1. Just one of (1) over 15 Å from A:Cys113 (Cβ atoms); (2) touching a Leu at 6+ places or on another chain (Cβ under 8 Å); (3) surrounded by fewer than 24 Cβ atoms within 10 Å (Cβ to Cβ) trips up A:Phe208, so point out which.
2. Name the residues in the stretch C:244-259 that are touching a strand residue (DSSP E or B) at 6+ places or on another chain (Cβ under 8 Å) and not in a strand (DSSP E or B), would you?
3. Condition test on B:Glu91, is it more than 14 Å from every other protein chain (Cβ to nearest Cβ) and either within 30 Å of C:Lys142 (Cα to Cα) or at pLDDT 95 or above (or both)?
4. Given the structure, is A:Gln50 within 14 Å of chain B (Cβ to nearest Cβ) and either under 21 Å from A:Glu25 (Cβ atoms) or surrounded by 12 or more Cβ atoms within 10 Å (Cβ to Cβ) (or both)?
5. Could you please give the count of residues in the stretch C:53-76 that are at negative phi and surrounded by fewer than 17 Cβ atoms within 10 Å (Cβ to Cβ)?
6. Which of (1) in contact (Cβ under 8 Å) with a residue 40 or more places away in the chain; (2) at the interface with another protein chain (Cβ under 9 Å from one of its Cβ atoms); (3) small (Gly, Ala, Ser) does C:Gly266 not meet, given it meets every other one?
7. Restricting attention to the stretch B:30-47, and to residues there that are under 26 Å from the mean Cα position of the chain (by Cα) and at the interface with chain A (Cβ under 7 Å from one of its Cβ atoms), which single residue is nearest to A:Ile38 (Cα to Cα)?
8. Of all residues in the stretch A:141-161 being of a type in the set (A, V, I, L, M) and under 21 Å from the mean Cα position of the chain (by Cα), which is nearest to D:Phe143 (Cα to Cα)?
Protein chains: 4
Amino acid sequence: MTPTPLKDTSASTPSRNAILLIQCEDRPGLVSRMSSFIFENGGNIVHLDQFTDPLTNRFYMRLEWQYDKFLIRPEEFHAVFTPLARQFGMEYTLHFSDYLPKMAIFVSKLGHCLIDLLSRISDGDIRAQIPLIISNHPDMEKFAGIFGIPYHYLPINRENKAEMEEKELQLLREHQVDLIVLARYMQILSNKMISEYPNQIINIHHSFLPAFVGGKPYHQAYSRGVKLIGATSHFVTEILDEGPIIEQSVIKVSHRDAIEELVLKGKDVEKVTLSRAVRLHLQHRVLVHGNKTVVFE
Amino acid sequence: MTPTPLKDTSASTPSRNAILLIQCEDRPGLVSRMSSFIFENGGNIVHLDQFTDPLTNRFYMRLEWQYDKFLIRPEEFHAVFTPLARQFGMEYTLHFSDYLPKMAIFVSKLGHCLIDLLSRISDGDIRAQIPLIISNHPDMEKFAGIFGIPYHYLPINRENKAEMEEKELQLLREHQVDLIVLARYMQILSNKMISEYPNQIINIHHSFLPAFVGGKPYHQAYSRGVKLIGATSHFVTEILDEGPIIEQSVIKVSHRDAIEELVLKGKDVEKVTLSRAVRLHLQHRVLVHGNKTVVFE
Amino acid sequence: MTPTPLKDTSASTPSRNAILLIQCEDRPGLVSRMSSFIFENGGNIVHLDQFTDPLTNRFYMRLEWQYDKFLIRPEEFHAVFTPLARQFGMEYTLHFSDYLPKMAIFVSKLGHCLIDLLSRISDGDIRAQIPLIISNHPDMEKFAGIFGIPYHYLPINRENKAEMEEKELQLLREHQVDLIVLARYMQILSNKMISEYPNQIINIHHSFLPAFVGGKPYHQAYSRGVKLIGATSHFVTEILDEGPIIEQSVIKVSHRDAIEELVLKGKDVEKVTLSRAVRLHLQHRVLVHGNKTVVFE
Amino acid sequence: MTPTPLKDTSASTPSRNAILLIQCEDRPGLVSRMSSFIFENGGNIVHLDQFTDPLTNRFYMRLEWQYDKFLIRPEEFHAVFTPLARQFGMEYTLHFSDYLPKMAIFVSKLGHCLIDLLSRISDGDIRAQIPLIISNHPDMEKFAGIFGIPYHYLPINRENKAEMEEKELQLLREHQVDLIVLARYMQILSNKMISEYPNQIINIHHSFLPAFVGGKPYHQAYSRGVKLIGATSHFVTEILDEGPIIEQSVIKVSHRDAIEELVLKGKDVEKVTLSRAVRLHLQHRVLVHGNKTVVFE
């Protein structure tokens, strides 16, 4: 059987949009100044969302506009925009809708999140290319195979952890990966890797954080006797299970649900929660400040 | 016992904001033009949300700004804004956050939606004054009493329907009512009343519309054997149960739920759904076009 | 205005049912033995639910049968059933559907849970009588008034806590209360009171336990940046927020929700969650073992 | 690549349980008689659930017991049980937990439901063998391939519909299929096939039935402006979209969701709803009477 490569769905995008994510201290005139900047340079705004946190007075904005008739070329944008950004003290990132982000998936033994992601990418529901899958187990190679994705089996143990992670980093750099998704990857990443990909690593934790931090959350949920179980998708930071939360969901359970049943029900919540978080991030709808996210849905 | 009037919660609003709701055909430069208009006249935008329907090319916007230092006085706004509105073909409405809207509540025998609304208004969670409650039954008068709200018992039957509704209209006009809420009011309004309050009458229908239009929706749900029941809050138009939907919710049911149990579970969904819709409308977050709503949450 | 006493809804019960709640170690033949015991004594079973926890091998059962033609009189039941119960080592309680339980409600300043409960009792959706409401604040007296319920304002402070609680206990004993509901009562009960009412005190905690134990859970939720907030109804035990959970619910929130908005959205979840838990308990659907509940819905 | 056959997960079942599904007119003594029958023949009941519909006086029961020491051999059960069944006018079916049901999957172009089912079967979360997949399109063959499942591509058009369906029936008979799952199969089955598999064909309809019956339900939902979309899994009967409902779910949508976005969000609900319904049915938890189901969760 010939593998069916994930199709490049970028062709179906009717036109090129630019997305600008901004954050800075709030000041009067920001929205006006930004929307005028786009308009005066020939851009037609198709989406604008903004938010000011009243407690911190911090301003967040997402601007999306049609780029086709925009007067500033992509390679010139930084130079043209810098004075304005400096004036307001903005942090910003610029993205283009026709760029297909490169996403590495890490997985261990359980495949439901991986398969769900690949199925969505195959349908064009999540727009990304997957240059590689990395795993500490061989089990999921067959699913990588049908999509023609290289599968790197790197068995990690206590002795070789540093060495293996160095290999992983080389692979990620080599493929110029934009995003790492931990699709039920049961290894703790080193601070070195985390700091090389700040707010670019998305994990799914199988509990409704901050309840049941750490290992075996379904066992913890079972012994506490909760009536709902959940899943949390978050950016990975150096403190375990403490990174900025992107998306959370729950599902009802009862006394009849043994731990195996909690695991099974939890899978549904995990895969949907992770895929939503990945999609929101790849659509450039998530901004991070400190330990919290602003999600412009 | 002395009745406890609903407190005027407007005092707790720190400052006066203006909210402008706009809709028109989409054209480049709208966001820029509008935000500049506010900024150049001394307004600090605290919330901007916009949406363009790609199918109809219609543009919707909600703009909220601090009015304290705004250079245009409220009574001048219309004159100053008209040329800009005309240029873009805008329909618009202007609202002020310190105005306490006047809301009439219609109720029949079931009080759960009424009590829920009054309890929220009493807590300041919904900001409104209730100049009158109208009912075709006397049962709910006691709840009106504790809040010191006049209760008009107008028993309607086939013979006196036109006459009674005329009385209702007189009362509504007399109190200059901004919004009518049908809190499980089991009478069909005449077209005359509906046309006098376009998109100003909010109803709660006890099903997940468009399923189970018309009477006895829980009986219909029971005989169809559905596994979820719902409630729909919508603006009232001349076609029964066909008005623009503001909010919908559902709750799980099973074969064990007899019709009485569906009614009981449905009450929870009805009251929460209606109260949310009323709150969204009173915060000027709902725009209507044709048979659909745009809700800027 | 004359107060409207809560109606005695027991009259609407068509016939008297008995409900037997049983737990013991699992052994073959338990279901057969129990159902035969009921049948042979002239009872027609209308509901039977059972559960065996595979980890602890503990058996739980709820049996409901029509009592009208049952051969054993209520006052004889204990004597007749004791040998069977002893043989299997059963703990059991017997309840009758036409008994109207006596429920005391404790409340502080926030009334949404209290009003929701009273509204449901008034509608007959929860079957109970309320001989008294106890509060450390005077605010909610007006709502007690319309239902003609005595309101005991007992302001507690550090100095008088023991004395006040003694008064509360006297009131509870005097009224032979079956159940205490803490409807957002912001005082920690003494171990003395808790041990006098084991598994008879139901609290609503305004978070999705075990997340955000203790004070100000919405502040905790806000600073963690969660995307869902919740409420937990549980029996009160000596360890704060650690008692057996009866019911939990959540609601979606976003970065736009300031703490005040979390509080407001949380109220909806709190009142619905508490009322469901109270209703389940009063229908004798909740069994407790250790720190967990079995809920026969 | 060698295909990975779906593992026979029956080996992991610790012991053989029997499941008996019963329905008949309600009469006193049914539960007692049935539980005694099992116990006296050496069976240890591990699950008993029953329900009497008060409107129709119909009795439904699910009995599960350990079969290892049961005195009646499987091949004798029918003969031994018939007199008892006749006495009460019971309809019954008997199932064994170690039998691996044979499930045919029909699919058209959209693969999300198929992939979700195969992924769960592969994980052992749904226990079934898939002797064949039938499709009127070739697209999904690649997914059948990795699991080593024969894929029958039978392109149906107006001219060859009867002939193609005859081929399908031959395939289904040949493989002695127990259950047919329509995993977004966009062809209407003939009455002949439906009557050959009564209550053995499960479909997923992409709306919250009875809203939006028939074709293009997401288009219908879009033009009605609903705020929730749903999916319904039901048994297929001769009247389109009118069969007994097993499971329903919904997801929130907003004015921002164009039809494509509704389709995308709907996929999540469809696949989870269908898989749950299939799992409930395969665990013998679903009884059908007339147009409704009793689901013993």
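The values are calculated or read from the model by the stated rules, or taken from the named source; none is laboratory data. Every value quoted in this text rests on a predicted model; they were computed, and no experiment measured them. Positions of Cβ are generated from backbone atoms using ideal geometry, with glycine treated the same way; all protein chains shown enter the neighbour counts.
1. A:Phe208 satisfies every listed condition except (3).
2. At the first step, the residues of the stretch C:244-259 found to be touching a strand residue (DSSP E or B) at 6+ places or on another chain (Cβ under 8 Å) are C:244-256.
Hits for the stretch C:244-259 are C:Pro244, C:Val253, C:Ser254, C:His255, C:Arg256.
3. Numbers: more than 14 Å from every other protein chain (Cβ to nearest Cβ): yes; either within 30 Å of C:Lys142 (Cα to Cα) or at pLDDT 95 or above (or both): yes.
The answer is yes for B:Glu91.
4. On the way: within 14 Å of chain B (Cβ to nearest Cβ): yes; either under 21 Å from A:Glu25 (Cβ atoms) or surrounded by 12 or more Cβ atoms within 10 Å (Cβ to Cβ) (or both): yes.
Yes; evaluated as a whole, the condition is true for this residue.
5. Residues in the stretch C:53-76 being at negative phi and surrounded by fewer than 17 Cβ atoms within 10 Å (Cβ to Cβ): 10 in total.
6. Only one criterion is unmet by C:Gly266, namely (2).
7. B:Ile45
8. The first filter runs over the stretch A:141-161 and keeps only residues of a type in the set (A, V, I, L, M), leaving A:144, A:146, A:149, A:154, A:156.
Then drop every residue that is not under 21 Å from the mean Cα position of the chain (by Cα), which leaves A:144, A:149.
Values: A:Ala144: 12, A:Ile149: 15 Å.
Per the stated criteria, the residue is A:Ala144.
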